[in-house]
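The values are calculated or read from the model by the stated rules, or taken from the named source; none is laboratory data. Just so we're clear, the structure is a prediction, and the values are computed from it rather than from any experiment. Methodologically, a virtual Cβ is constructed for each residue, glycine included, from the backbone with ideal geometry; neighbour enumeration extends over all protein chains shown. Heads up: the accessible areas ignore ligands, DNA and RNA and are worked out on the full protein's heavy atoms, side chains in. Shrake-Rupley method; radii C 1.70, N 1.55, O 1.52, S 1.80 Å.
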Amino acid sequence: MAGSANFVVTFGLMLVQVPWLLRCWGAELYGAWNAVFAFYSLVITLDTGHQSYLGSLFLQTYHADRDRLRQELGSGIRAALVLSFLQVAFCLAIGVYGLDRVIGVESAVVTNAEITLSLFALLAMWTIAGSVGGIIVKIYSAGGQYSRATIWGIGFRIVFSGGLCWGAWWSSRLFPAVLAACLGVTIYTFVQAVDIRRMFPDLYPWWRDGDWARGRSNLRQSLVLTFSGVIQQFSVSGLTLVLTHALNTTALSLVTTLRTLTNTATQATLIVVQPVLPDLIKYHAAGEGAKVRDALGGVWFASGVAVNFGLVAAVVVAPWFYGFWTRGVLPFDGVLFALLALGVQVRNFSMPLLSYLAGLNDLRSQLEVAVAQTVATTGIAALTVGWLGVRSAGIGVLAGELAMAVLAVRAARRVGRAVGFVPERAGFLFAGIGLAVNGALYAADQCWPSLRATWVAAALMAFGLLAWVQYGALSPDVRARLRRVLAPLVSR
């Protein structure tokens, strides 16, 4: 339920925020904001591995050893302050050279001073709400309060987006809008801290039992996760740098908005994957490889039906919706949208495998996948941007997703072999057929748009047949579970 609410709110904020900011700022300044936020997102990934590592420790010690939990919590806060210092120091060094030149935003609509101030406002907010606060909120999950953590996370996004939109309307400038968002989130974080203190009074003050030595040790232990996170984030931020340096911030706005639209399908897939992940890990731990295989088959079926039919509908709806959504400020590029949509379809196949590997804490595979995706995405986009323009981003994203899928399958086979789990070839076949059908649909629509109704009807029939065959290939237990889930919806 909380996951569905998270999806609805995220989708709603996307619907409101993009046209509002385009209206208040215009495409060029909106692109500058995306470039600043992408660079900020890359910098703060220094916290990624550390927070993931501590989250696992909190889960292990919450019930078994409360004294150690307090020690890990306090030490984690100390380490987070060190990471925040390093992030600020790095950005200060970049600022001396000129942040606008580094991120490729040398524009008449925003100054380097405003870009720099916006970045440091974001970093100050992150120190409180993300770096230190991000560790403290891990207590929710360790204590079994998953829904509460999700609800507070939803509130975080609402406050940030609301502050950004209000500031953009009030000033039509970048820094006042960013400052309003950051101040709102900072206040919100202190309110959340009161709730955490009330829920877990024996852990407060959170910093009391930590020590610097333990904090340094945890940082060292989490370096592989951190490096993997930085590499993976660079697949997004590196693509941003390619576009801003080779083209302009308006081109970045086009790619960002189209990618935001297609990534909605990825969020829908997460709703299907996340509830099943504990079962995958449980079956693996019990050595029941057949059940791992069957559960993955069920996930691929459910998410595949949603994404396959959704992308067919997008052929008809997306051009109209995009024009309405962006108020005509940005042109719809059908080829770029098709490439990004196919990338999402590949991600739909690989995401359950990646979640399985992450749940098993297989660091080697996570690092390999992150490196392959980043090199393919950024490298191919950089090589082709000179003659393909913005469409190079779509080629790069699709190539990165394909590389990630290949390595995810290989890693899942390696890890699953110990419990007798080998991903079924039927799953690869169904995914390949789905990709081929949608690829043919989008290609035909670009070449002969007047026959769109014919192409859509043919794709719907193909996917209907594919879903019927795929459902028949599921194990009886998985089919029974799917019928139990769908029965209340059908009876309404």
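For residue 127, the stated conditions hold: it is open to solvent by 20 Å² or more (accessible area, probe 1.4 Å) and either closer than 17 Å to residue 48 by Cα or touching a residue at least 60 places away in the same chain (Cβ under 8 Å) (or both). Sub-9 Å Cβ pairs linking a first residue in the stretch 112-123 that is at negative phi and without any contact (Cβ under 8 Å) to a residue 24 or more places away in the chain to a second residue that is outside any helix (DSSP H, G or I) and hydrophobic (A, V, I, L, M, F, W, C), at least 6 apart or interchain, are 112/105, ordered by first then second residue.
Residues are listed down the side, and each one gets a yes or a no for (1) modelled with pLDDT of 85 or more; (2) under 26 Å from the mean Cα position of the chain (by Cα); (3) open to solvent by less than 40 Å² (accessible area, probe 1.4 Å):
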position	(1), (2), (3)
407	yes, yes, yes
422	no, no, no
447	yes, no, no
450	yes, no, no
454	yes, no, no
457	yes, no, no
460	yes, no, no
471	yes, no, no
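Residues of the stretch 38-51 include at least one that is assigned to a helix (DSSP H, G or I) and at pLDDT below 85. Contact map, the stretch 278-298: residues that are more than 11 Å from residue 360 (Cβ to Cβ) paired with residues that are aliphatic (A, V, I, L, M) and part of a helix (DSSP H, G or I), Cβ distance under 6 Å, separation 6+ or inter-chain. Pairs shown: 279/295; 283/292; 287/419; 289/419; 294/478; 295/276; 295/280; 298/478.
Being assigned to a helix (DSSP H, G or I) and under 20 Å from residue 257 (Cβ atoms) is a property that residue 54 lacks. Could you count how many residues in the stretch 154-179 are among the charged types (D, E, K, R) and under 18 Å from residue 10 (Cα atoms)? Number of matching residues: 1. If you check residue 466 against the conditions, is it closer than 20 Å to residue 303 by Cα and not in a helix (DSSP H, G or I)? Judged against the criteria, residue 466 is not a match. Report yes if residue 249 is farther than 30 Å from residue 77 by Cα, open to solvent by less than 60 Å² (accessible area, probe 1.4 Å) and at pLDDT below 85, otherwise no. Considered against the rule, which asks whether it is farther than 30 Å from residue 77 by Cα, open to solvent by less than 60 Å² (accessible area, probe 1.4 Å) and at pLDDT below 85, residue 249 comes out as no. Note on the stretch 355-368: residues that are in a helix (DSSP H, G or I), in contact (Cβ under 8 Å) with a residue 60 or more places away in the chain and either over 15 Å from residue 52 (Cβ atoms) or among the hydrophobic types (A, V, I, L, M, F, W, C) (or both) amount to 3. What is the residue count in the stretch 93-107 for residues that are in contact with a helix residue (DSSP H, G or I) (Cβ under 9 Å, 6 or more places away or on another chain), without any contact (Cβ under 8 Å) to a residue 12 or more places away in the chain and either open to solvent by less than 10 Å² (accessible area, probe 1.4 Å) or not β-branched (Val, Ile, Thr) (or both)? Counting residues in the stretch 93-107 that are in contact with a helix residue (DSSP H, G or I) (Cβ under 9 Å, 6 or more places away or on another chain), without any contact (Cβ under 8 Å) to a residue 12 or more places away in the chain and either open to solvent by less than 10 Å² (accessible area, probe 1.4 Å) or not β-branched (Val, Ile, Thr) (or both) gives 2.
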